[in-house]
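Quick notes on the structure that follows.
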């Protein structure tokens, strides 16, 4: 059928501080890394041989996913780094450069390959997309989605002929300059010969360098515009918005874990909740070994990570608590992402524990 490639070597700088200790594909959604949903989706469509290029915090990806057997797939890893003054440091090769490095090493890409970014959620009909790619005789296909004209400046925009052949690109044009509203989703389908165009041993990008080459050489390079959900977690504000949508049940294949104990409220194992003296308005998930004290209020959509403690009188409103987060008594966290060390509001502004300029008090529930 096809092979899979997940691009996972980036640093995720725009999602800091979420990626301070985590690679971007490991950022959790409903308690599971983003990349896990991608692997499950590939497996559903019969793509079982998957390469992942890694760099920053690569051990966390490799330790979690291992050889892929839990998902019925095989996963291999390609680390991108260099030795610098005696230390090995990550140095990503770019999206195309990383694939060329794998190809030069083993020739892995010997059939049609689906390429995905490791930090976006999709429910694309992969089987249909690959069938269209083959039917058109494409060497490369790019899956795009129409976006509102007001939002084109956040995306790479594709210009195509009526038959779908790609003619040019605009990188993040203003709405006034945009010649199209077809946005690249970072989902690509390649035939092996495409990688022959990538210069070996150097940093090389798919969107900025490889695709213009395909256009210049007039190779059969097509856009596919098909309906599917594409949820890009480019910024912290996107992450907050995604979680709100997921908790409301708006995204297919993403089900709330735990047991539903009352309408819109799910809990994990071993929770301590004073149900008669708390106010919980769903949708809310409260993870295993959490404690919610009397007088606390949780207003959903909200996710309370495993091992967290919400003290008496505290209010959690449309927020996400990572695991083992303790919220102090009488504090109000509104539309925030909260970890043991920092909290981020929905606009991406970060506060660290102990900052002088915040009245909010929170900490580590383990101590």
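The values are calculated or read from the model by the stated rules, or taken from the named source; none is laboratory data. Worth saying up front: this structure is predicted, and the values here are computed from it rather than measured. Every residue, glycine as well, gets a Cβ built from its backbone with ideal geometry; the counts of neighbours run over all protein chains shown.
Those residues that are farther than 13 Å from residue 17 by Cα, assigned to a loop (DSSP other than H, G, I, E, B) and touching a residue at least 24 places away in the same chain (Cβ under 8 Å), I need them from the range 302-328; list them, please.
Hits for the range 302-328 are 305, 306, 307, 308, 318, 323, 324, 328.
If I filter the range 95-111 down to residues being in contact with a strand residue (DSSP E or B) (Cβ under 7 Å, 6 or more places away or on another chain) and closer than 13 Å to residue 52 by Cα, which single residue comes out as surrounded by the fewest Cβ atoms within 10 Å (Cβ to Cβ)?
The extreme case among them is 108.
Would you check if residue 272 is touching a strand residue (DSSP E or B) at 6+ places or on another chain (Cβ under 9 Å), loosely packed, with under 15 Cβ neighbours inside 10 Å and in contact (Cβ under 8 Å) with a residue 12 or more places away in the chain? Explain how you work it out, then say what you get.
Details: touching a strand residue (DSSP E or B) at 6+ places or on another chain (Cβ under 9 Å): yes; loosely packed, with under 15 Cβ neighbours inside 10 Å: yes; in contact (Cβ under 8 Å) with a residue 12 or more places away in the chain: yes.
Yes: the conditions hold for residue 272.
Give the range 245-256 a look and list any residue that's in contact with a strand residue (DSSP E or B) (Cβ under 7 Å, 6 or more places away or on another chain) and either exposed (fewer than 13 other Cβ atoms within 10 Å of the Cβ) or farther than 20 Å from residue 124 by Cα (or both), or say none.
247, 256
Could you pull out every one of the strands (runs of 3 or more DSSP E) wholly within the range 97-164 that has 1 or more residues that are over 22 Å from residue 192 (Cβ atoms)?
Working: elements: 113-117, 120-122, 140-146, 156-160.
In the range 97-164, 120-122, 140-146, 156-160 are the strands (runs of 3 or more DSSP E) which contain 1 or more residues that are over 22 Å from residue 192 (Cβ atoms).
Can you name the number of the only condition in (1) crowded, with 19+ Cβ neighbours inside 10 Å; (2) at pLDDT below 95 that residue 81 fails?
(1)
Can you name the residue in the range 191-204 that is buried (at least 16 other Cβ atoms within 10 Å of the Cβ) and touching a residue at least 60 places away in the same chain (Cβ under 8 Å) and, of all such residues, is farthest from residue 37 (Cα to Cα)?
Taking the range 191-204 and keeping what is buried (at least 16 other Cβ atoms within 10 Å of the Cβ), we get 191-192, 194-195, 197-198, 204.
After this cut, where a residue has to be touching a residue at least 60 places away in the same chain (Cβ under 8 Å) as well, the list is 191-192, 195, 198, 204.
Values: 191: 24, 192: 26, 195: 27, 198: 29, 204: 27 Å.
Checked the range 191-204; the qualifying residue farthest from residue 37 (Cα to Cα) is 198.
Among (1) closer than 19 Å to residue 161 by Cα; (2) outside the structural domain of residue 170 (by TED's automatic domain parsing), which single condition is residue 226 missing?
(2)
Out of the residues in the range 329-340 meeting the condition of being part of a loop (DSSP other than H, G, I, E, B) and within 22 Å of the chain's Cα centre (by Cα), tell me which one is modelled with the highest pLDDT.
Top of the filtered list is 335.
Free of Cβ contacts under 8 Å to residues at least 40 places away in the same chain and part of a strand (DSSP E or B) - does that describe any residue in the range 32-48?
yes
Could you look through the range 234-244, keep only residues that are under 16 Å from residue 334 (Cα atoms) and touching a helix residue (DSSP H, G or I) at 6+ places or on another chain (Cβ under 7 Å), and pick out the one that is surrounded by the most Cβ atoms within 10 Å (Cβ to Cβ)?
239
Tell me which strands (runs of 3 or more DSSP E) are completely within the range 179-255 and hold 2 or more residues being over 18 Å from the mean Cα position of the chain (by Cα) and at pLDDT 95 or above, or say none if there are none.
Correct list: 182-190, 221-225.
Consider residue 25 carefully, then state whether it is closer than 30 Å to residue 319 by Cα, in contact with a strand residue (DSSP E or B) (Cβ under 8 Å, 6 or more places away or on another chain) and not in a helix (DSSP H, G or I).
Considered against the rule, which asks whether it is closer than 30 Å to residue 319 by Cα, in contact with a strand residue (DSSP E or B) (Cβ under 8 Å, 6 or more places away or on another chain) and not in a helix (DSSP H, G or I), residue 25 comes out as no.
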